[in-house]
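The values are calculated or read from the model by the stated rules, or taken from the named source; none is laboratory data. Since the model is a prediction, treat every value here as computed from it, not as a measurement. In this analysis, Cβ positions are derived from the backbone assuming ideal geometry, glycine residues included, and neighbour counts consider all displayed protein chains. Areas reflect the complete protein model, heavy atoms only, side chains present, ligands, DNA and RNA absent. Shrake-Rupley method; radii C 1.70, N 1.55, O 1.52, S 1.80 Å.
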Amino acid sequence: MNGIWRNSISCLRIGKVPQRCQSSDPPVAPLGSRILTDPAKVFEHNMWDHMQWSKEEEAAARKKVEENSAVRVLLEEQVKYESEASKYWDTFYKIHKNKFFKDRKWLLREFPEILPVDQKTEKKAKELSWDHIKTNAANCFSRMHCPTIPDEENHDKKSSGSSDGQSKAGSNFSTLDCTEHRKGPLKTEPFPGSNATFRILEVGCGAGNSVFPILETLQNAPESFLYCCDFSSGAVELVKSHPAYRAAQCCAFVHDVCDDGFPYPFPDGILDVILLVFVLSSIHPDRMQGVVNRLSKLLKPGGMLLFRDYGRYDKTQLRFKMGHCLSENFYVRGDGTRAYFFTKGEVHNMFCKAGLDEKQNLVDRRLQVNRKKQVKMHRVWVQGKFQKPLHLTQKSSELMFSLLSHS
C-alpha cells in the first residue's frame, strides 16, 4: 500500500504544474556538509554548517539584543524611513550598482523548484537538489490546512495588511513593454510571458544576483518565463541593462509589493514559483502579512513560494549599535535601509495565515570565521517552502485516478 501511495504522489499534476511535495523536516544535509567536529580546527575553513548553539551563546545573544534595542529611533524618524524607503534603496544601488552582492549560485541547490520538471531540466534539478527523492505522501495530503503554532519567542507581530534561446513563451509577446502594467491587463489580453507554461516571479530582484543565474539555467527551458520586480527603479534599470537580460524570457519591472492596489503585469493565479529571498526583512513588520497574502493570490494551485531571510540573533542583528532599533527585532542601517530578524514560528504563522501549506521551514545556523583576525561569527537564516493547496475536488480525483492506474 505504501508503494501505491508513493507512486500516486509522483503522478499528481495540475495542468503542467509539477507537484514537489517535500518534507518539513530538514534533510540530512540541506544547506551544506562541512561539519565542525573538532573545535581546534575551527579556523581551517571560512564557514561551518549546522552549528548548534550552547545555552551560554544564546543567552549572550539575547542580552546583546536587549542592549541594542533599549533605545528606539524617534517616531518621526521612523515615519521618514517608511515613507522614503524606495529613495534609500535607490541611493544604495546608485552607489554600489551590481558590485555589492554576489550572484546566488546556491539557489538551484536549495530551491530546485525554480526549475520546471521536464525532459530537459529534470536531470539537472535532481543533481542539484539535496532531497529531491524525499517525497512523503503524508505531508502532501494530511496537511490540507496549516494550523497556527505559537511563536518561539512569544513575539506577537501585528499584520496589515534578443539573443540566443528566444523562447516560445516570449516569441509572440517579447515586444510588450512590461512596465506598462499600471493599466492592469485583463486575463483575456496578451501579457509578457502569456504563452509560457512555467512562470517564476522574483520579488525584490535588486541588481539581478538571482535573476541571471536563473536565466542561465532557463536557456534549457524555453517554455519558461521569469518575472522580476523591485521598488527601486535604479535596481530595475541595472537588471534591464545587463548583457544577459533577455526580454524574450524575462520581464523586469518596478513594483511596490506593499501597495495592494498596484497591479502586476500578469493576472492572478498563474505563477508556478515565487522567490522571496532577503526581501521581507526590509519591510515594516505591520505590512508583512499583507504582502504575503497578496503574493499568495499570484500562485496557481500547487505553486510554491520559496523563502529565505535573516534569522533571530544573526550576527547582523547583534552588530547593530544602540539607537538603530525601530521596533522589536527591526532595525535601520546607517544608509536608511532596514532589516527584520525572523523566528521559525513567525515564518510559519505568516505564510500559513495566507493559506499556504508548509513544506519546509528550518533554521540554518552557520559559523562564519575570519581566519586572519581569528574571529568567529554566528550566521542565522530561516528557509521555508510553502505551497498553495490544490482544490480538494481536483486533488481527490487525481489521487483516485492514480490509485486505480496502479491497482
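For the stretch 37-90, filtered to residues that are out of contact with any Lys or Arg (no Cβ under 9 Å at 6 or more places or on another chain) and of a type in the set (S, T, N, Q), the residue that is modelled with the highest pLDDT is 69.
Yes/no per residue for (1) open to solvent by less than 10 Å² (accessible area, probe 1.4 Å); (2) closer than 16 Å to residue 298 by Cβ:
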{"position": "241", "(1), (2)": "no, no"}
{"position": "252", "(1), (2)": "yes, no"}
{"position": "256", "(1), (2)": "no, yes"}
{"position": "263", "(1), (2)": "no, yes"}
{"position": "266", "(1), (2)": "yes, yes"}
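Restricted to the stretch 289-369, the set of strands (runs of 3 or more DSSP E) holding at least 3 residues that are in contact with a Leu (Cβ under 8 Å, 6 or more places away or on another chain) and open to solvent by less than 20 Å² (accessible area, probe 1.4 Å) comprises 299-310.
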